[in-house]
1. Which values of log₁₀ I(q)/I(0), to two decimal places, follow from the Debye formula for segment 1-110 at q = 0.14, 0.19, 0.22 Å⁻¹ with a uniform point scatterer at every Cα?
2. Return a whole-number percent for the relative contact order of segment 247-421, with Cα pairs under 8 Å and 6 or more residues apart as the contact set.
3. Under the rule of -39500 (n - 2.57) per DSSP H run of 4 or more residues, summed and divided by the residues of the chain, what mean residue ellipticity at 222 nm is obtained, to the nearest 500 deg cm²/dmol?
4. Could you point to the residue in Ile7, Pro284, Ile134 farthest towards the positive end of the chain's charge dipole, with +1 and -1 charges on the Cβ of Lys/Arg and Asp/Glu respectively?
5. Report the extension gain between Phe258 and Leu81 in nm, rounded to one decimal, defined as 0.36 nm multiplied by the number of residues separating them, less their alpha carbon distance.
6. Averaging sequence separations of C-alpha pairs under 8 Å and six or more residues apart, then dividing by the length of segment 4-77, give the relative contact order as a whole percent.
7. Based on the mean of other Cβ atoms within 10 Å per residue, sort peptides 190-198, 342-350, 268-276 so the most packed one is first.
8. Put +1 on the Cβ of each Lys and Arg and -1 on the Cβ of each Asp and Glu in segment 247-421; which of Leu265, Ala363, Ile387 then has its Cα farthest toward the positive end of the dipole?
Amino acid sequence: MSDKVNITIDGKQVSAETGTNLVKVAHANGFFIPSLCYYDHIDPPLGTCRVCTCKIDGHIRQACTEQVHDGMEVEINTDELADIRQAIVEMMFSEGNHFCPGCQKSGNCDLQHLGYEMGLSHLRFPHLFKNELIDFEPKRMILEHNRCVKCARCVVEVLTDDQKQVFSFCNRGNETVVGIDYDEEAKLTDEQAAEAMHLCPTGAIIVRGLSYVEPFGERKFDLHSVNPRRQDEPQKSERPPGPRKKKTVATISLAGCFGCHMSMLDNDLKLFEVMELIEFNKSPLNDIKEFTQQCDLGLIEGGCCNSDNVEVLREFRRSCDILVCVGECAIWGGLPAMRNLIPLRECLEEAYLNGITIDPGEAVVPYDEDLPKILDKVYACNEVVHIDHYIPGCPPNADHIWKTVSNLLWGDQYSILYSDFKYD
Ligand code: SF4
Ligand code: SF4
Ligand code: FES
């Protein structure tokens, strides 16, 4: 009897050894099934994250716990399934506190990587902004609970030489966290501790001295997508021939650092080309402070941290036909949104009353009716007005920004290579 079975993946006939894991078979045949908790060495597979959700023999199931059998029918790439998988990943981002640009796992993080693969630019769910304590007690490790997705990889796979568990789940339901046994952690060799950090698909397990050691360009997900469908995407940025009408563009920096504006200027000689095609209206680039006409496009940097930001953003929505968020702060709040983890009163007290730079006798929270009113938290732009498009990055690079703008204004084709749109 043959050990081979025939299965169908997205309509294509594929043959494989009977009993092989479906995720492996799919990858071996050029199909990408996103996965997070799935790990080659863990058998049986954990099946905890559901990121690998596919339709198998007509039923929605997770692929990583399935073994192929003869006649199996698998659907991966449908709009419905892609949306289900993306919603699951979005929930992970909204439940944790993920600030990729400052995270030690950035570039090596499976969760971050999935976000890029799925083209996540914002979340449909509100951020929970949980504030779990970070555990610095273990001998070599730091446990950042706010990044843990409870995949259980560490729980089943990180063992001491005498087979004792180092990690285990504590509490129940929504309060579940991964606990670490300090005594057992101290027994791990340096290699085993490093392995635990690499095993974790997020930045929840960090080993002191091992973060940021790999230079940019050499990290696991730096250059290429693992999705075979994306790896060889062609770059299509050729401009169609013929004259083009000059367009008007407005830009503004709200609660941002001006880094995205700096990036817009970081285009060397191509800026001359931009200036020929674009007339800037209200913008800090030309210091025009008021709109003088309806604009074709508005570029927004930064989210909304005060009443002035909200007013300006609404004005941009009214005055620009197409409104685009540029950079992470505009898209989801970015670094300024770190204050959302702390009550506003405490932020103000720390900044104006108790900070080490405050002179005794000068401690006062500034108030004047002309000052913009600070908001209870930093809001992403799409929480205030409708946003048409998003350009992710911190900051996005200049080439990317202007190619996107020319795509939106003149319909130039622009297919973004994986290495072009991956930022951290
Ligand atoms: S754990 Fe991953 S997704 Fe979360 S902040 Fe770090 S790099 Fe980003
Ligand atoms: S600490 Fe890492 S490996 Fe362990 S459950 Fe959390 S995300 Fe998974
Ligand atoms: S990868 Fe399949 S459930 Fe997590």
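1. Values, matching the q order: -0.60, -0.99, -1.22.
2. Working: 297 pairs, mean separation 47.4, N = 175.
That works out to 27 percent.
3. -7000 deg cm²/dmol
4. My answer, from the dipole projection, is Ile7.
5. On the way: separation 177, 0.36 × 177 = 63.72 nm, distance 3.82 nm.
Additional length available on full extension: 59.9 nm.
6. For segment 4-77, the relative contact order is 41 percent.
7. Those peptides, ordered most packed to least, come out 190-198, 342-350, 268-276.
8. Ile387
The values are calculated or read from the model by the stated rules, or taken from the named source; none is laboratory data. Just so you know, these numbers come straight off a predicted model, no measurement behind them. Cβ: placed from backbone, ideal geometry, glycine included. Neighbour counts: every protein chain shown. SASA here: full protein model, heavy atoms, side chains in, ligands and nucleic acids out. Shrake-Rupley method; radii C 1.70, N 1.55, O 1.52, S 1.80 Å.
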